[in-house]
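S.K.: What follows is a structure written as structure tokens; I'll ask about it next.
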Amino acid sequence: MGSLADEEDTDVEIYRRYADPTVYADSRTNADEKLLQLLDLLGFERKSPMPMYTWHELPQNLGERENLCATRAWAVLAHLGYAVNLDPELHCPNTERIVRSALAPKPSAQPQSDEFDTAPSVPVTPAAGHAHSL
């Protein structure tokens, strides 16, 4: 049994299944512990019924804050270089702006070397064709 991230060839898929209120973050089968810990830190709860298969869910008590948490996770993970898809219905533009601003390099008085100018960029918006209804 593979994950949606395996099927879509991404590191993480953040979505809500059709007629299911839960927000899921599916990571690749056998995802590295660093990625799984990042999802933990970004507010998702880890679920591991089998040793090789792990996914995360947002807590049910978040209510309307689910979109904020999902968008924040998408933006942070993408900034760190992970391939992440976010269901467009979970996208919160205001949260995206805040996270992008917080992650943007701060201007410094000293010139920087080009070697540090290659940070991965956050996708402009969630991929329009990547909403998943399972």
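The values are calculated or read from the model by the stated rules, or taken from the named source; none is laboratory data. On a predicted model such as this, the values are computed, not experimentally measured, just so you know. Quick reminder, even Gly has a Cβ in these numbers, built from the backbone with ideal geometry, and neighbours come from all protein chains shown. With ligands, DNA and RNA removed, areas are computed over all heavy atoms of the protein, side chains included. Shrake-Rupley method; radii C 1.70, N 1.55, O 1.52, S 1.80 Å.
S.K.: For the peptides 64-75, 37-48, what is the packing order when you average, over each peptide's residues, the other Cβ atoms within 10 Å and list the highest mean first?
M.R.: 64-75, 37-48
S.K.: Between N94 and E33, with labels modelled 7 Å along Cα→Cβ, what's the label distance in nm to one decimal, could you check?
M.R.: Taking the two extended label points, one gets 3.9 nm.
S.K.: Related question: With an 8 Å cut-off on Cα pairs and a minimum separation of 6 or more residues, tell me the relative contact order of segment 1-96 in percent.
M.R.: 29
S.K.: Separate question: Treat each spin label as a single point 7 Å out from the Cα along the C-beta direction, and report the L62 to A19 distance in nm.
M.R.: Modelled inter-label distance: 2.4 nm.
S.K.: What order do D6, D26 take when sorted by accessible area (1.4 Å probe), most exposed first?
M.R.: Numbers: D6 55, D26 5 Å².
Ranked list, largest accessible area first: D6, D26.
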